[in-house]
Amino acid sequence: MSDRVLLHRSATGDRRAFGALFDRHSRALTRYAWALVSDRMDVQDIVQDTFVTAWNKASWVTIAESSALPWLLVTCRNHALNLRRKKANHRTESLPDGLADVAVNEDRALAAQRLRWVLTEIESLDGLDRRICELCLIEGRSYAEAAVIVGASVGAVGKRLERARTLIRTAVSNNEQ
């Protein structure tokens, strides 16, 4: 049975037809998803989301020639890109390497002194950069949340935070010497 027929039957609620479509293309989609992301759970989610989309949109999907695989691959790629964007928007940048666990590895006085240096450097930044650092580095908010709060784009928040982190690292390194 062709993919076109399987999709048409799926659109009318035929679960067996959709199962046949799944059986036919799930391996190829899984391999493709592995090429797009490296986490097993993400691969499973992307493949599942692709088939959920196929089920929900089966009535209007138009496939080229006789295979649904090209449409499924594009849908899979779109889900992977959406997941990547979602993770990027929710990713927060941490303080410089080692600073979070410095209290465990060094004595508390030195850890407090390092933290004071970082906080002092954050306080010395201009208003918007300081606020972004407070939101992302101290409060642990995502770039997207910080962008909404300060009224900037997510990209601008990321660039400002990257620049501020470089300044902070340099200042902390210079203070330790």
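The values are calculated or read from the model by the stated rules, or taken from the named source; none is laboratory data. Worth saying up front: this structure is predicted, and the values here are computed from it rather than measured. Ideal geometry is used to build each Cβ from the backbone, glycine not excepted, and the neighbour counts take in all protein chains shown. Side chains are part of the model used for accessible areas, which takes the heavy atoms of the whole protein and leaves out ligands, DNA and RNA. Shrake-Rupley method; radii C 1.70, N 1.55, O 1.52, S 1.80 Å.
Note on segment 65-102: residues that are modelled with pLDDT under 90, open to solvent by less than 60 Å² (accessible area, probe 1.4 Å) and of a type in the set (S, T, N, Q) total 3. For segment 121-139, the candidate set comprises residues that are aliphatic (A, V, I, L, M) and surrounded by fewer than 16 Cβ atoms within 10 Å (Cβ to Cβ); within that set, the residue that is farthest from Arg169 (Cα to Cα) is Leu128. Is there a residue in segment 17-28 that is hydroxyl-bearing (Ser, Thr, Tyr) and open to solvent by 40 Å² or more (accessible area, probe 1.4 Å)? No; the residues of segment 17-28 include none that is hydroxyl-bearing (Ser, Thr, Tyr) and open to solvent by 40 Å² or more (accessible area, probe 1.4 Å).
Kindly state which helices (runs of 4 or more DSSP H) lie completely within segment 10-94 and contain at least 1 residues that are under 30 Å from Arg163 (Cα atoms) and without any contact (Cβ under 8 Å) to a residue 60 or more places away in the chain.
By residue number, 15-36, 69-90.
The number of residues in segment 144-165 being outside any helix (DSSP H, G or I) and more than 15 Å from Asn89 (Cβ to Cβ) comes to 1.
Listed by first and then second residue, the pairs with beta-carbon distance under 6 Å, at least 6 apart or on different chains, first residue in segment 124-143 and part of a helix (DSSP H, G or I), second among the charged types (D, E, K, R) and crowded, with 18+ Cβ neighbours inside 10 Å, are Asp129/Arg160; Ile132/Arg160; Leu135/Arg141. Every residue in segment 144-170 that is under 24 Å from Arg116 (Cα atoms) and in contact with a helix residue (DSSP H, G or I) (Cβ under 6 Å, 6 or more places away or on another chain), please. Correct list: Ala146, Val157, Gly158, Arg160, Leu161, Ala164, Ile168.
Only a single item in (1) modelled with pLDDT of 90 or more; (2) loosely packed, with under 15 Cβ neighbours inside 10 Å; (3) over 19 Å from His79 (Cβ atoms) is not met by Thr62, and it is number (1).
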